[in-house]
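Student: Below is a structure I'd like to ask you about.
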Amino acid sequence: MLKGGDRSSKLKNAKLGILMLDNQFHRPIGDIGNKNTFSFPVAYKTVVGATINRAVREADPCLVEEFIKTAKEFEDEGIQAISMSCGFLAIFQKEIQTSLHVPFLSSSLLQIPLISMIAGEPIGVITASKMSLTIDHLKGVHALGHQLIIEGMDEMTNFTGAIIEETIALNEAAVYEEMKIVTTKLIKDNPDVKAIVLECTNMPPYVKAIREITNIPIFDSNTLIESVYRSLPD
C-alpha cells in the first residue's frame with residue numbers, strides 16, 4: 001500500500017503509472033492506491049503538495065504544471081499510460097493529456113459518453129463532493145450534455161472525515177453503510193437510472209455495498225484502468 005509520503009514506487013514490468021495526491025489515509029484493496037487492487041503491476045508517484053483541498057475544493061490550476069512534470073517522469077521511465085488518484089482532475093484532462101505522449105486518464109467520468117451509448121441514460125454519478133463537481137469538470141471529459149443524476153458523499157461524515165478532510169481514521173464498515181445510504185437515495189429518487197459511475201477512486205472497495213441496492217452496471221476508475229491496460233503493447 002502506498003502512503004502519501006512515498007515519493008515513488010516502481011514495480012518491475014509496470015506499464016501503467018498512477019499519479020497520487022499528497023495524502024495519508026488508509027487504502028483498502030479496491031482503492032486505486034493499493035497495488036493489490038490490480039492483477040498487473042502498476043507504478044506510483046506522489047505529486048508533492050497536491051492535497052485533497054487543492055485538487056477537489058479549489059481545483060487549483062497551479063497543480064497542472066506539477067502533474068505534468070511528474071507524469072513526464074513516468075514517460076521517461078517507459079510507462080505507457082498514466083492515471084490519477086482523484087476523479088476531480090477531470091477538469092485538467094485536456095491540459096495534461098496534450099502535454100504527454102502516452103494516454104492520460106484523469107477520471108472515471110471519461111467513461112460517461114461510452115456508457116451513454118452502451119447502457120443509455122440517465123446515468124447516476126456518485127461523487128466524493130457534489131458541491132465541488134462543476135460544469136467545468138464535466139466539460140473537461142466531454143460529459144456535459146448527458147443526462148446525469150449526481151449524488152454526493154458531502155453529508156456522509158465517515159467518508160468525508162477520512163478521505164476529504166483527513167481528520168479521522170478510515171472506518172471501512174461505516175463508509176460501506178454510507179455508500180448504501182447514498183445509493184439508495186439515488187435509485188429511489190431515480191428508478192430509471194441505467195448505470196452508475198463512481199467518480200471517486202476511493203469508492204471501488206465498496207462496490208458490494210452498491211450491489212446490495214441495485215444490479216445495474218457500475219463503472220469506476222478500475223474499470224477504466226483495466227480496459228486501457230488491455231490496449232497497451234506487451
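So that you can scan it fast, the table gives a plain yes or no per residue for (1) part of a helix (DSSP H, G or I); (2) open to solvent by less than 10 Å² (accessible area, probe 1.4 Å); (3) closer than 27 Å to Ala162 by Cα:
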| position | (1), (2), (3) |
| --- | --- |
| Pro191 | no, no, no |
| Ile196 | no, yes, yes |
| Thr201 | no, yes, yes |
| Ala209 | yes, yes, yes |
| Ile213 | no, no, yes |
| Asn222 | yes, no, yes |
| Ile225 | yes, yes, yes |
| Tyr229 | yes, no, no |
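Student: Sort out which residues of region 144-162 are among the hydrophobic types (A, V, I, L, M, F, W, C) and either open to solvent by less than 20 Å² (accessible area, probe 1.4 Å) or touching a residue at least 24 places away in the same chain (Cβ under 8 Å) (or both), and write them in order of number.
Tutor: The answer is Leu148, Ile149, Ile150, Met153, Met156, Phe159, Ala162.
Student: Could I ask something else about it? Within region 53-73, is even one residue part of a helix (DSSP H, G or I), in contact with a Gly (Cβ under 6 Å, 6 or more places away or on another chain) and among the hydroxyl-bearing types (Ser, Thr, Tyr)?
Tutor: no
Student: Also, I was wondering about something else. Residue check, Ile52 against (1) in contact with a Lys or Arg (Cβ under 7 Å, 6 or more places away or on another chain); (2) modelled with pLDDT under 90, all met but one. Which one?
Tutor: Just one mismatch for Ile52, condition (1).
Student: How many residues does region 126-143 contain that are crowded, with 16+ Cβ neighbours inside 10 Å and assigned to a loop (DSSP other than H, G, I, E, B)?
Tutor: Result for region 126-143: 5.
Student: Something else about it: Are any residues in region 105-119 open to solvent by 10 Å² or more (accessible area, probe 1.4 Å) and not in a helix (DSSP H, G or I), and if so, which ones?
Tutor: Leu105
Student: OK, next. So which of Phe67, Phe92, Phe88, Phe74 ends up being within 20 Å of Pro205 (Cα to Cα) and open to solvent by less than 40 Å² (accessible area, probe 1.4 Å)?
Tutor: The match here is Phe88.
Student: Mind checking which residues of region 95-104 are under 24 Å from Gly33 (Cβ atoms), open to solvent by 10 Å² or more (accessible area, probe 1.4 Å) and either in a loop (DSSP other than H, G, I, E, B) or among the β-branched types (Val, Ile, Thr) (or both)?
Tutor: Listed by number, the residues that qualify are Ser99, Leu100, Val102, Pro103.
Student: Also, I was wondering about something else. So Val48 ticks every box in (1) among the aliphatic types (A, V, I, L, M); (2) open to solvent by 30 Å² or more (accessible area, probe 1.4 Å); (3) farther than 27 Å from Lys139 by Cα but one. Which box is left unticked?
Tutor: Among (1) among the aliphatic types (A, V, I, L, M); (2) open to solvent by 30 Å² or more (accessible area, probe 1.4 Å); (3) farther than 27 Å from Lys139 by Cα, the lone unmet condition for Val48 is (3).
Student: Working carefully through the options Ser227, Ser129, find the one that is touching a residue at least 24 places away in the same chain (Cβ under 8 Å) and among the polar types (S, T, N, Q).
Tutor: After applying the criteria, what remains is Ser129.
Student: Could you tell me which residue of region 163-186 is farthest from Val125 (Cα to Cα), considering only residues that are touching a residue at least 60 places away in the same chain (Cβ under 8 Å) and open to solvent by less than 70 Å² (accessible area, probe 1.4 Å)?
Tutor: Leu170
Student: Moving on. Restricting the search to region 134-193, which residues are farther than 24 Å from Phe25 by Cα and of a type in the set (Ser, Thr, Tyr)?
Tutor: The answer is Thr134, Thr184.
Student: Within region 173-195, can one find any residue that is closer than 19 Å to Leu114 by Cα and under 16 Å from the mean Cα position of the chain (by Cα)?
Tutor: Looking for residues that are closer than 19 Å to Leu114 by Cα and under 16 Å from the mean Cα position of the chain (by Cα), one finds none in region 173-195, hence no.
The values are calculated or read from the model by the stated rules, or taken from the named source; none is laboratory data. Since the structure is predicted, the reported quantities are computational estimates derived from the model, not experimental observations. Here the Cβ is made from the backbone with ideal geometry for all residues, glycine too, and neighbour counts use every protein chain on show. Side chains are part of the model used for accessible areas, which takes the heavy atoms of the whole protein and leaves out ligands, DNA and RNA. Shrake-Rupley method; radii C 1.70, N 1.55, O 1.52, S 1.80 Å.
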